[in-house]
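Contents: one structure, followed by commentary.
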Amino acid sequence: MISYLRMRRRPISVTIEEDNLLWLKAQAAATPRGSVSAVLDRLVADARVEGRMNMSAVKSVAGTIDLPADDPGLEGASAYMRDVFDWSLRRPMHVKEDGPLPAPPKRRSAKRRG
């Protein structure tokens with residue numbers, strides 16, 4: 001990973017789709033620093049290290065998915081996904097609700113000296 005201490009950082013302007021921005025913000029919120037810039041910088045650095053340069057050069061996804069030997073036509077996929085979905089609904093959900101907001105402080109009238 002590239003060290004941020006040794007490399008200078010420069011501000012830039014980036015225009016991205018709204019969905020991608022929301023995703024970046026969520027990723028940033030899940031990191032200790034909480035910085036969209038740091039997440040974006042890490043994504044670019046990781047892509048550079050992995051040698052990903054021209055995504056249009058990828059022409060096929062053949063060989064990237066392993067199909068199950070017992071169901072190569074995926075006839076049972078719908079039933080499997082229904083089972084997974086039903087299972088996810090049965091899991092307990094942890095919900096945290098914030099209490100009511102505190103009342104704003106009452107304004108005190110200024111007492112004049114004099």
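The table that follows gives values for the structure above.
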{"quantity": "Count of residues meeting criterion [open to solvent by less than 100 Å² (accessible area, probe 1.4 Å) and modelled with pLDDT under 80] in the range 75-102", "calculated": "1"}
{"quantity": "All positions within the range 25-43 that are under 16 Å from Pro11 (Cβ atoms) and among the hydrophobic types (A, V, I, L, M, F, W, C)", "calculated": "Val36, Ala38, Val39, Leu40"}
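The values are calculated or read from the model by the stated rules, or taken from the named source; none is laboratory data. This structure is a prediction, so every number in the text was calculated from the model and none was measured. Positions of Cβ are generated from backbone atoms using ideal geometry, with glycine treated the same way; all protein chains shown enter the neighbour counts. Accessible surface areas use protein heavy atoms only, side chains included; no ligands, DNA or RNA. Shrake-Rupley method; radii C 1.70, N 1.55, O 1.52, S 1.80 Å.
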